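I have placed the structure first, in the form of structure tokens, so that the comments after it can refer back to it.
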Amino acid sequence: MPKIDVRTEYDRLDHVIMGIGHGYHRSPDKVEIVNTTHQKTADTTGHPSERQLIAEFAAFRAAMEKHGVGVHEPELADDSVQDQTCPRDIGFVIGETLFKAGMRYASRLQEFDAVQSILSDFDGPLIDVPDGIVLEGGDVIVDGEFVFVGVGQRSDPEGAAFLAEALSETYRVIPVPTRALSEGEEVLHLDCAFNPLGLGHALIYPQGLRDIPAEMTERYDWIEVTRPEADALATNVFSIAPDLIIARDTPNCARVNAALREAGYRVEEVSFDGVPSTGGSFRCATMPLTRS
């Protein structure tokens, strides 16, 4: 039984839970709009189809398995759950501990039940974020001794304080306030504006952050993204090794992907449009369990 163990966002990936397209919006009357990107898609092009999502997840899975990653898929959840594309939000690993997230929207609470059978094959403690505290995995970014926690649309200051207390003996928890919708920015989670990489860089959309801590300015060489690139979730890449990144194959990410290659990374571009049309991308669509 392997131990869960995640110390960074970029060490070699061994096991990961990947989202699924199966069952997406299978009961339209039960679908809940959960962010402004989701609403905009509903109002314009319409939500992605189950067929599109299944095909895109298959390509994503193949890209990871090609490099030896063990990819695990959730069971189909209860009919009350209409979207299982983004397991990052519902749980996250820090060190050898899995945290069950505190969700902003109650409609997502039952998603965790669908990953329980996978988690039973892994060894490690589980800590529930206490009731009344909102802390989602997209806002939690671990890099060695530092844990950066976004505070904004989906996670509250109490979430950052909870993690700081729970991890006080081992990690330094750094709250990072993200800009609100009222400030003209669309930062759903911290990983929509910041993502550390394995060769000493970080993808960052500075305008999306209200305050940028010294731990971000001093620790990383920044690869900055523009607002259109941030809207295309160019920061939301997924590292499967220190120098190997999966990124979107789309025009608004092309410049950033080229900058990553120039910085020394191998970038595998995968067509992935369905999940981004509802507010997430590759990092959101994964819950890493072990990295080595």
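The values are calculated or read from the model by the stated rules, or taken from the named source; none is laboratory data. All values derive from a computational prediction rather than experimental measurement. As a convention, Cβ positions derive from the backbone with ideal geometry for all residues, glycine included, and neighbour counts pool all protein chains shown. Please note that ligands, DNA and RNA were not included when accessible areas were found on the heavy atoms of the full protein model with its side chains. Shrake-Rupley method; radii C 1.70, N 1.55, O 1.52, S 1.80 Å.
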Checklist entry - Quick check: is even one residue across segment 247-270 modelled with pLDDT under 95, open to solvent by 10 Å² or more (accessible area, probe 1.4 Å) and either in a loop (DSSP other than H, G, I, E, B) or of a type in the set (Lys, Arg) (or both)? => result no
Checklist outcome for this item: The one condition residue 23 fails out of (1) open to solvent by 40 Å² or more (accessible area, probe 1.4 Å); (2) part of a loop (DSSP other than H, G, I, E, B) is (1)
Next on the checklist: Residue under question is residue 121, and the condition is that it be farther than 29 Å from residue 217 by Cα and assigned to a helix (DSSP H, G or I); does it hold?
Outcome noted: no
Checklist outcome for this item: Condition set in a strand (DSSP E or B) and open to solvent by 40 Å² or more (accessible area, probe 1.4 Å), scope segment 6-19, selection farthest from residue 112 (Cα to Cα): answer is 14
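So which residues in segment 118-136 are in contact with a strand residue (DSSP E or B) (Cβ under 9 Å, 6 or more places away or on another chain) and closer than 18 Å to residue 290 by Cβ? Talk me through it step by step, then tell me what you get.
Filtering segment 118-136 down to residues in contact with a strand residue (DSSP E or B) (Cβ under 9 Å, 6 or more places away or on another chain) leaves 118-119, 121-136.
The answer is 118, 119, 121, 122, 123, 124, 125, 126, 127.
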Checklist entry - Which members of segment 244-292 meet the condition of being in contact with a His (Cβ under 8 Å, 6 or more places away or on another chain), closer than 25 Å to residue 116 by Cβ and of a type in the set (S, T, N, Q)? => result 278, 290
Checklist entry - Do you know which residues across segment 196-229 are hydrophobic (A, V, I, L, M, F, W, C) and over 18 Å from the mean Cα position of the chain (by Cα)? => result 199, 212, 214, 216, 222, 223
Item to check | Filtered residue count, segment 50-68, keeping only those that are open to solvent by 10 Å² or more (accessible area, probe 1.4 Å) and either under 20 Å from residue 117 (Cβ atoms) or free of Cβ contacts under 8 Å to residues at least 60 places away in the same chain (or both) | outcome: 10
Next on the checklist: I'm trying to understand the selection: among the residues of segment 163-203, which are in a strand (DSSP E or B) and touching a Ser or Thr at 6+ places or on another chain (Cβ under 8 Å)?
Outcome noted: 194, 195, 196, 203
Checklist entry - If you go through segment 221-241 one residue at a time, do you hit one that is in a helix (DSSP H, G or I) and free of Cβ contacts under 8 Å to residues at least 12 places away in the same chain? => result no
Checklist outcome for this item: If you go through 180, 232, the only one that is open to solvent by less than 20 Å² (accessible area, probe 1.4 Å) and either on the phi < 0 side of the Ramachandran plot or under 18 Å from the mean Cα position of the chain (by Cα) (or both) is 232
Item to check | Hits in segment 22-58 (condition: charged (D, E, K, R) and touching a His at 6+ places or on another chain (Cβ under 8 Å)) | outcome: 50
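Matching residues to (1) modelled with pLDDT under 95; (2) touching a helix residue (DSSP H, G or I) at 6+ places or on another chain (Cβ under 6 Å); (3) farther than 13 Å from residue 287 by Cβ:
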residue: 4; (1), (2), (3): no, no, no
residue: 9; (1), (2), (3): no, no, no
residue: 27; (1), (2), (3): yes, no, yes
residue: 45; (1), (2), (3): yes, no, yes
residue: 66; (1), (2), (3): no, no, yes
residue: 78; (1), (2), (3): yes, yes, yes
residue: 94; (1), (2), (3): no, no, no
residue: 102; (1), (2), (3): no, no, yes
residue: 107; (1), (2), (3): yes, no, yes
Checklist entry - Can you spot a residue in segment 276-287 that is surrounded by 23 or more Cβ atoms within 10 Å (Cβ to Cβ), closer than 23 Å to residue 53 by Cα, more than 13 Å from the chain's Cα centre (by Cα) and hydrophobic (A, V, I, L, M, F, W, C)? => result no
Item to check | Test for residue 105: is it open to solvent by 50 Å² or more (accessible area, probe 1.4 Å), of a type in the set (Phe, Trp, Tyr) and touching a residue at least 12 places away in the same chain (Cβ under 8 Å) | outcome: yes
Checklist entry - Does segment 116-169 hold any residues that are in contact with a helix residue (DSSP H, G or I) (Cβ under 9 Å, 6 or more places away or on another chain), surrounded by fewer than 17 Cβ atoms within 10 Å (Cβ to Cβ) and on the phi < 0 side of the Ramachandran plot, and which are they? => result 126, 127, 130
